[in-house]
1. Once you have a ≥ b ≥ c as the square roots of the Cα gyration tensor eigenvalues for region B:226-281, tell me rounded if a/c is under 1.5, and otherwise prolate or oblate according to whether a/b is larger than b/c.
2. Quantify how strongly other chains surround peptide B:55-61 by giving the mean number of their Cβ atoms within 10 Å of each of its Cβ atoms.
3. Among A:219, C:183, what is the fewest-to-most ranking by other Cβ atoms within 10 Å?
4. Mind giving me the nanometre distance, one decimal, between the label points for residue B:74 and residue C:218, set 7 Å out from Cα along Cα→Cβ?
5. Report, in deg cm²/dmol and to the nearest 500, the calculated mean residue ellipticity at 222 nm for the protein assembly as shown, where each DSSP H run with n ≥ 4 adds -39500 (n - 2.57) and the sum is divided by the residue count.
6. Compute the separation of the alpha-carbon centres of region A:192-238 and region C:159-197 and state it in Å as a whole number.
7. Work out the mean other chain Cβ neighbour count within 10 Å for the residues of B:267-280 and drop it here as an integer.
8. Considering only DSSP beta bridges whose two residues both sit in the protein assembly as shown, what percent are antiparallel, to the nearest 5?
């Protein structure tokens, strides 16, 4: 990018050690949200964190960029502890977060001002700001929308605008806290495709969701239940445990569910199928074998 | 065909007609809801689904072209008893916090029955039943503060508030968006129970094609304020070109079926849900 | 109240992206010029100079290439209030300071004098000018530019502890949320109607509407509070820490046109004062 982009180093980007968090609701009264969560996120990884409502996934997300500091345990981002007030600005510039409702993240009534908000806060010099804004808008497919009013954008476009606002800070990692939950299917597909592109470009992606088809593009999945890590593995491994998922309040996406049902009836060739595309190919192959 | 509860024909509606800000929301919309069925109204964002829903309980009245007949009453007539209509048609909105306004959950759910002038014990009984139906145990939740509930709990509370009126037609306006799989399944089970055990009709407004395929028996498709498709669910959800023109996709299973058809494999029946697809594939691959 | 769709279209505060002389001015100039023009509107207390100020305001609207419909709509929205005030003032204001001038009507406690008539007309013209001026500022200046302008102007007070950037940003965010809150109110009204809230029972309509207002307050407040919390978190996540160390996408620079605009505003204020003291009616 430009001289103002921070240098990247190799290794783990985020690490948590015995992280616990509870919300204080009154004297002596606390709501536990996370218990003893230890995980690492490697640079360039695409991680999905899933769980039913109330499992603690949003809370976990907010500890990753220091919006919440652990009540016990620690969180390190690129070697800096999130409890350290001097490091917090850098941490939030490294781990950018996009929330669920675009309307409640968008501050301005002009698209380009909205995108500039983040880097302006970081004190990026004026000459570089324009370039950051233009690049970010281009990366999310909103080039040319600079002078528009965000209020006139569709839900999907607003979601992408929120992402652009974070990308403009040149983060190493993008955390999406259920950012697709309120979108219609086509807009959701657009956002997921965008995430794939960003990941291919080297960005670390952490997607928090309860929509099971969204874990498929991830490299690793962590399933939370009542504040603890209940399952971990590749999407294939995790989706290979449907009874466990059911007990955790989750479900297999349709294609995987169909494949599993057929495999259980004896069509072993379909075991391990996750996506509609894979299902079609597997069925065609299986049908081709028969005369 | 069972008794028609609501019939809408060729309805048009313009918001703020005659002003600078006029917005035509509907121009030729038609809809049928019959007794004892779960129907769906689908369409891309801005197609006019919510607007159409607002006619069902008289929030909007037909003033331009078109006819709306609900429970035997023509809504264009002046002296329609709207209060009575709103007792029979319960409308649940997308965001629960827009519907809740009492401080305590119990009071909020009780609001509707109280407005009906029912005696206290009956109000209490209705509230208890409604809360149990949505999975908010009465004793535990009746004294909780509405705005301190979690998102999912607020949704259930809003639904309970409408169920307490014992409506004959329940309209859910994108009321499951944002629910997790378990929450969604619980709502679906509840809707089926209401239909089977109590004869309640349900109209689900959604653009989640998988959800519609699971739940609905009949589907109406809206595009730019106009009804472009209507009929039995398998019939409608297999018309991928028409749906694409209306800005909609297919249910996941529908896409699989289409891709297989392109590859030369035609499945029996017209599967739109995972269960149906599994069965159809089993039949095909076994032979 | 079922057709509450207008609530979401509250157009005050919407930036209109045309290009004009006025759009291109430095935001600080616009803020200061606005202050001067407002002062002119307030100072003008006679027929001639009130019309003069209103005329100057319209000139600016034309220079800003704003669609006339916008200004008219803004004015129309305050007309009911103005009408009520005007009538009240007209009927009972004919005493005290405005007891001078010829008495036009006297009936019971109602007293209308030529002075009170003048006051009413002047008030109306003044209100119209002020409404248009307010809309002018926000229609020709993006929130970011406005924020910068306010912040720069307030900066000298920073030494006294005034958080200029925070104040400016608060104003910008509030403006941005007006249409959203309008939508929310509309949705809440509908949702409550659907549950049978506030069914106006004939002649007690006023009371029912008051009751319905009360029912709106709680959900609206809860909604606003929730949004504020989410927005605060999003701002923190984007490294907001107040005005310290912030840069800006825009560069503020005074150009000759700014001097011209400033001079124009001064002339209008001067003209209003002169016309007032010249004893012209």
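1. Prolate shape, in that a/c is at least 1.5 and a/b is the bigger ratio.
2. 3
3. A:219, C:183
4. For the pair residue B:74/residue C:218, the computed spacing is 4.1 nm.
5. Result for the protein assembly as shown: -15000 deg cm²/dmol, rounded to the nearest 500.
6. 35
7. 3
8. Rounded to the nearest five, the antiparallel share is 55 percent.
Here, each number is a calculation from the coordinates, and none is a lab measurement. Worth saying up front: this structure is predicted, and the values here are computed from it rather than measured. Neighbour counts are summed over all protein chains in view; Cβ atoms, including those assigned to glycine, are modelled from backbone coordinates with ideal geometry.
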